[in-house]
Amino acid sequence: MKLTLLQDHKLPTGVLGLAVSGDGTRAFTACADGIVSVVDLETGHAEAFEERHASFASGCVLLPDGNTLISSGYDGSLIWHDVATRRSKLRIQAHHFWSWHLALSPDGRRVATCTGQYLPGGWKYEPAVETEPSVKVYDTQTGERVAALHHGPPVLSCAFSPDSRHLAAANMLGEVRVWDLAAPPSGPVRDPISKWSTPDFTSWGTTKTHHYCGGIYSLSFSPDGEQLVGCGMGPMGDPMAGNGKMTWQRWAWRKGERVDQIRDGQHGTGLMETLAWHPRGEYFLMGGRQAQGTWNAAIFSAKDGSLIHSIDTKKRITRARFHGDGTRLILAGANGQAARKDGKWPAWGRLQRYSVDA
């Protein structure tokens, strides 16, 4: 498998959320200036939606009918946008803190958002307990909250299973939980049906930063629904340096057992922020920021976890999406940290489209 760059489009600010239209001609972006836009993938022309977030726009999902886009932000809100008019239809306050990640169920009926602020809970700087449910699920048609799930904050990523029944979420300390949303709760709190922890994504800073850093930044179920993959960065003494091992792990989630992980010698260092499964289920992609190494996006075999192909985009990758037929890949992110030049801000957001050749 090989990736070949087709288009490289600039956007005003860094992209944190990404959705792609069913026909693969348009991308929807949630950006650091709070603006949500629709972008023509051939020309790069972008048009902003009417309502913006008060802080970073962190995620966006497109409902299967292509008519409604839901976005999330660091203002804790979710906004329903009409794609045709680019006007908002509904806005709800989902969290008191940031929405870290947004996930849409494959059937389009549910949207999940996760939150949580890292506040010290004791002298060892373990995170304090949540002040609100860390994972919330909403009906995409009505905006009604249908589930409030408890986890240890901050919860950085969430994902639905292919059958839309199960929801997984992971936090800064490498704790993963999976809930069955179809089963009735046994009490006032819906308990996870599976949960486990891994120490391989979290750092305790011994240099300059005497607290926890890291976490599982992206989760993705395999197309057959039997496995779950998570990615992030391996532990280090100085987490602020951002040079931990690029890493992913794969689990048989029903048992909470690790079945695979990135091979030694196939990685550099840096924070990995996004995962995407190829529609055929034979490969998955991981991408993010590179500190040292030769790549910041790579494709791995679902069969044995071996690295098949890698590229260095020279940019930060925050989100990755394959087209439905698997022939195209969209990577979104940013080009460095913006700084004003001659009183003007440069366009530092990036949206790239690649061909995918088997």
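Structure above, values below:
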read-out: Candidates VAL129, VAL137, VAL111, VAL39 - the one that is more than 22 Å from the chain's Cα centre (by Cα) and either closer than 23 Å to ALA168 by Cα or not acidic (Asp, Glu) (or both); value: VAL129
read-out: Output for segment 44-58, where each listed residue is outside any strand (DSSP E or B), at negative phi and touching a residue at least 12 places away in the same chain (Cβ under 8 Å); value: PHE49, GLU50, GLU51, ARG52, HIS53, ALA54, SER55, PHE56
read-out: Residues of segment 110-169 that turn out to be under 21 Å from ASP65 (Cβ atoms), among the charged types (D, E, K, R) and either in a strand (DSSP E or B) or at pLDDT below 95 (or both), as a count; value: 2
read-out: Residue count for segment 306-325, restricted to those that are in contact with a Pro (Cβ under 9 Å, 6 or more places away or on another chain) and farther than 22 Å from LEU16 by Cα; value: 1
read-out: Every residue from segment 268-299 that is touching an Asp or Glu at 6+ places or on another chain (Cβ under 9 Å) and among the aromatic types (Phe, Trp, Tyr); value: TRP295
read-out: Among (1) of a type in the set (A, V, I, L, M); (2) touching a Leu at 6+ places or on another chain (Cβ under 7 Å); (3) over 23 Å from GLU51 (Cβ atoms) - the single one VAL83 does not satisfy; value: (3)
read-out: One residue from MET240, MET233, MET272, MET246 being in contact with a Pro (Cβ under 9 Å, 6 or more places away or on another chain) and at negative phi; value: MET233
read-out: Residue count for segment 170-202, restricted to those that are outside any loop (DSSP other than H, G, I, E, B), more than 19 Å from the chain's Cα centre (by Cα) and either crowded, with 23+ Cβ neighbours inside 10 Å or among the acidic types (Asp, Glu) (or both); value: 1
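One line per residue, one yes/no per condition, for (1) within 27 Å of HIS95 (Cβ to Cβ); (2) of a type in the set (Phe, Trp, Tyr):
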position	(1), (2)
HIS9	no, no
THR25	no, no
GLY34	yes, no
ALA57	yes, no
VAL61	yes, no
ASN67	yes, no
TYR74	yes, yes
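The values are calculated or read from the model by the stated rules, or taken from the named source; none is laboratory data. Just so it is clear, the structure is predicted and the values come from calculations on it, not from any experiment. Cβ atoms come from the backbone with ideal geometry, glycine included; neighbour counts cover every protein chain shown.
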